[in-house]
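The next block holds one structure in the form of structure tokens; read it before the comments.
FYI, it's all coordinate maths here, none of it is from the lab. No experiment lies behind these values; they were computed from the predicted model shown. Note that each Cβ is placed from the backbone with ideal geometry, even for glycine, and that neighbours are counted across all protein chains shown.
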Ligand SMILES: [Zn+2]
């Protein structure tokens, strides 16, 4: 297949040839299509490495839609969102979870995402029911080659002591039911260090990685990420270790941020920052100079930690306004995280694939043929404009194509510049 007539991130015109049997990029530049090649026109579009979503909650997505009141916006913090979520448990059916998750996944793919890691609640009263529902979605997307999907068992707390026996049992059931990664919120356990060690051991026993919700609070006294770094340094990263959120790290003095960032880099622990949800949830009790809830991005990047950006929640009690769009995440990393646009897209694409243990898809010959074309003149225009006009390619095949029909009044007398892109 030849993607014909796009521009690269910097604005240079280029075609891209991909092999859909090998699933790799063959050539980037001026490409002559051969007889039998499928030619996909991408005029007026920017060709970028496909986005990857390193941290979603597909089992919760869209819960607030059509549920005015408790679920559309609890008007509170993380604890209020968790309470609203639990209050809505009764009557939830597996087929309803599957349908919402499928809708969320297709939304992500339409937006240019070809690999998704979703955390899935594993807790009473439904046990591994949500995980089984998501395993059915994974089976479907794998069979149809729509995207790569990884399931993280987001096991409840407590995990330690006699009170944690039930949750420890549920974690084992989740791994038996096909969870790809061990998750959890050890910072919410009465013994955070013990819970972290227990989750790392469960992951090692199962031969899978860990991806832990870490310090999702602006309380600087909660700082379990340092212990996670130490424990992983002692044991080695195994099949991959990721700390998601790390909100309170952003509240530390610079020297502490740098020390912990160096420890994470040394241990090989990646960090996922989730701007949508942490801007939504955190800081509601702070009336002035509200903290942003993002982690210590400059310190982490300077230390060489792999930092990925994810969208977390979308239209559920934890974030009522998420769009499941990597352009939204990247734009928030530009505006609230102060990353350069190219670095922001890197966090939402190549770095996210590193977190997920996937081969590079960076638009170079030989790399995985996962890419997205987004309407625009260059990377900044594509990310900031966030046009719905996109083409998503996974393993060398077009898996999503969205057209936009834009009609705005009549052409102005001073000349009609294009509404999006190519205005120079
Ligand atoms: Zn999360």
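Tabulated results
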item	result
Estimated FRET transfer efficiency when R0 is 56 angstrom, pair residue 239-residue 419 (beta carbons, to 0.05)	0.75
Amide N proximity, segment 93-131 versus residue 143 label position 7 Å along Cα-to-Cβ, cut-off under 16 Å	98-99, 102
Degrees separating the helix 254-267 axis from the principal Cα axis of the chain, which is the longest one	80 degrees
Relative contact order of the chain, pairs being alpha-carbon contacts under 8 Å that are 6 or more residues apart, as %	22 percent
Relative packing of peptides 409-419, 156-166, 309-319, 179-189 - highest average C-beta neighbours within 10 Å first	309-319, 179-189, 156-166, 409-419
Distance (nanometres) between label positions extended 7 Å along Cα→Cβ at residue 176 and residue 136	2.1 nm
Computed label-point distance, nm, for sites residue 388 and residue 162 using a 7 Å Cα→Cβ extension	5.7 nm
Protection proxy ranking, peptides 225-238, 274-287, average beta carbon neighbours within 10 Å, highest first	274-287, 225-238
Segments 110-120, 392-402, 15-25, 263-273 sorted - mean Cβ within 10 Å per residue, highest first	110-120, 263-273, 392-402, 15-25
For the chain, built as a Gaussian network whose Cα springs stay under 10 Å, the top-fluctuating residue of 91, 44, 69	91
Calculated Rg and Dmax of the chain using C-alpha coordinates, Å	21.5, 76
Highest-fluctuation residue, 404, 152, 305 considered, GNM on the chain with Cα pairs under 10 Å	404
Antiparallel DSSP beta bridges within segment 51-355, percent to nearest 5	5 percent
Separation of alpha-carbon centers, segment 381-414 and segment 201-271, rounded to whole Å	38 Å
Backbone N under 14 Å from the residue 226 label point (7 Å along Cα→Cβ), restricted to segment 268-288	none
Rough spin-label spacing in nm, given labels placed 7 Å along Cα→Cβ, for residue 256 and residue 193	1.7 nm
GNM top mover of 344, 243, 87 - the chain, alpha-carbon springs below 10 Å	87
Acute angle (nearest 10 degrees) that the helix 165-176 long axis makes with the longest principal axis of the chain, alpha-carbon atoms	30 degrees
